[in-house]
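The values are calculated or read from the model by the stated rules, or taken from the named source; none is laboratory data. All values reported here derive from a predicted model rather than from experimental measurement. Note that each Cβ is placed from the backbone with ideal geometry, even for glycine, and that neighbours are counted across all protein chains shown.
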Amino acid sequence: MTDNNNTRIDPKDQRAVRISKMEKLRAEGIDPYPPRIGEGRVTISGVLDDWDNLKQQLDDEHNVTKSGAIVRLAGRITAIRTHGKSIFLSIADGTGDFQLYIRKDIVADESFERANELDLGDFISAEGELFTTRTGEPTLLVQDWKIICKALLPLPEKYHGLTDPDLRLRQRYLDLLVNPEVRSNFLKRALIIKTIRKYLESEGYIELETPALTPLYGGAAAKPFTTHHNTLDMDLYLRIATELYLKRLIVGGFERVYEIGKVFRNEGIDRDHNPEFTLLELYEAYADYNRMMEIAEGILIACANDTARFVNDNIEKNAAGDDEAPYIVNKGDTVQLNYEGHALNIKPPFPRVRFLDIVKEKSGIDVMSATREELAKFFEDKGIDYDKKAPYWPLVDKLFSELVEPTLIEPTFVVDYPVGLSPLAKRKPDEPELTERFELFILGKEIANAFSELNDPLDQRKRMEAQIAQRAMGDEEAPNVLDEDFLTALEHGMPPTGGMGIGIGRLVTILAGAHALKEVVPFPLMRPI
């Protein structure tokens, strides 16, 4: 094979072959990348959904059932089968797959010859009459077609061409093309976010945006990412939470606000963590953490129900095979979920256990009276790796994450955390060493974190100062400076408020039946090759 300059091309070099075809099209006056495809295009799903309503009549000459309907379809070529004077193509447009039939006696000779030059991955637009083949397959009898994008690289084989997990993440666009379950995960993610917005709006919440670049960071214990603004000549941080700005909105008179947005934490990457992730934070004036538990239950059951309906509507089966039941199903007022060997029911009200009680039950340690040395000895005796420089309360958090979290399979609220673990939560009136805080756990994963928010500005100042002192003792995730503007806002008065954060990625991972967070994140952070 040669190109237009009579240069020999190795047929194995598919890119070179395809470039040669592209140049041939240009030489014939055909733009392989036209700016538009023409009017009248319909989606494949639109045709298939209306297929039974199309008027059909038998055409004895071609031994097919013709509809009389003329349509224009467009999509990527996923299969090519040539039979002498006939070419069968399969195209996909994002809503479905459809067969095209190109006959030499119907299209012009040059058009048929160009069709023989098409490659897998090319995009084409085709107009023609719909008909049903002898085998009953809906098909477009092409009367006219044109190329709308020439693909220069081949697609991987559908079943064997893209199996390397690392490559699938780096070239997610190919992963989407050849692995339908990946596309399904992202559709579920979009559905879950839509459901959350619909639920919160039904509860009277307003979605507002807060800054992603901030002069200070706070609202969580995490290392920030630092950047620099040249014009103002000042260092800025990518936000680690939206909390402190949303609370300013409560001070400003909004009573129910939320934001679904990206936050950034300079932490490790594992099954449940990505440095950039999507977080829902919401705040409601004149509410407390009991109200937040109601909202958490409402959000979870709404998302679980919608996901189960999506799976049912798409007849989606779990990984065990087509003969198995879907991994998530609606059962009256309960959603049943089967996830990696665990069967659980999502049905409010979820059980509540106290932090101190569950930690003592699993470890035998009363964290309100133990010492740092006792915790360190416990970790060493159990062979648990820990930060030997960490202060007391981060070690308590480590104790909880190691011994308690993995046991919380059914949806469970862990409530009433010590003040040392909850610098922004309101103290319990009858137990001032504890706070009105809960975390919601499912399958050993923290899904939600919520407080009766601290609105005493003087108490808030003391706790923030204690956080800074913890940093001086070696806690690198503690803030290093007071947010004076936030404290000033509190001094103007914030009503009793309930607040909650929900990690969207973790919630989607569970409800989508995925193994890890990166499976439901379109483009997770990867180390450069």
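Just so you know, in the range 36-70 the residues that are in a helix (DSSP H, G or I) and at pLDDT 80 or above include one that is nearest to LEU100 (Cα to Cα), and it is ILE44.
Of all residues in the range 381-401, those satisfying the criterion of being closer than 20 Å to ASP475 by Cα and either over 38 Å from the mean Cα position of the chain (by Cα) or among the aliphatic types (A, V, I, L, M) (or both) are ILE384, ALA390, LEU395, VAL396, LEU399. Looking only at residues of the range 237-282 that are at pLDDT below 95 and in contact with a His (Cβ under 9 Å, 6 or more places away or on another chain), we find that the one that is surrounded by the most Cβ atoms within 10 Å (Cβ to Cβ) is ARG265.
In this structure, does THR497 turn out to be more than 30 Å from LEU337 (Cβ to Cβ) and in the same structural domain as VAL251 (by TED's automatic domain parsing)?
Working: more than 30 Å from LEU337 (Cβ to Cβ): yes; in the same structural domain as VAL251 (by TED's automatic domain parsing): yes.
Spelling it out, THR497 is indeed more than 30 Å from LEU337 (Cβ to Cβ) and in the same structural domain as VAL251 (by TED's automatic domain parsing).
Being modelled with pLDDT of 95 or more, among the acidic types (Asp, Glu) and within 21 Å of the chain's Cα centre (by Cα), is that true of even one residue in the range 302-314? Yes, the conditions are met somewhere in the range 302-314.
Being at pLDDT 95 or above, within 30 Å of THR497 (Cα to Cα), touching a strand residue (DSSP E or B) at 6+ places or on another chain (Cβ under 6 Å) and among the aliphatic types (A, V, I, L, M) is the requirement here; does LEU356 meet it? The answer is no for LEU356.
Contact annotation: residue pairs with Cβ atoms under 9 Å, 6 or more positions apart or on different chains, pairing a residue in the range 134-153 that is modelled with pLDDT under 90 with a partner that is not basic (Lys, Arg), are ARG134/ASN63; ARG134/VAL64; ARG134/THR65; GLY136/THR65; GLU137/GLN99. Applying the criterion of at least 3 residues that are in contact with a helix residue (DSSP H, G or I) (Cβ under 6 Å, 6 or more places away or on another chain), surrounded by 14 or more Cβ atoms within 10 Å (Cβ to Cβ) and in the same structural domain as TYR327 (by TED's automatic domain parsing) to the helices (runs of 4 or more DSSP H) found wholly in the range 119-212 leaves 180-202. Look at (1) farther than 30 Å from PHE186 by Cβ; (2) part of a helix (DSSP H, G or I); (3) among the charged types (D, E, K, R) and you find that ASP306 fails only one, number (1). Cβ-Cβ contacts under 6 Å between residues 6 or more apart (or on different chains), taken from a first residue in the range 256-279 that is within 19 Å of ALA514 (Cβ to Cβ) to a second residue that is assigned to a strand (DSSP E or B) and of a type outside the set (D, E, K, R), are listed as GLU276/PHE264; LEU279/VAL263; LEU279/GLY501.
Name the pairs whose Cβ atoms lie under 7 Å apart, with the first residue in the range 187-204 and under 18 Å from THR95 (Cβ atoms), the second part of a helix (DSSP H, G or I) and at pLDDT 95 or above, and 6 or more positions between them or separate chains? The qualifying pairs are LYS188/THR307; LYS188/VAL508; LYS188/LEU511; LEU191/ASP306; LEU191/THR307.
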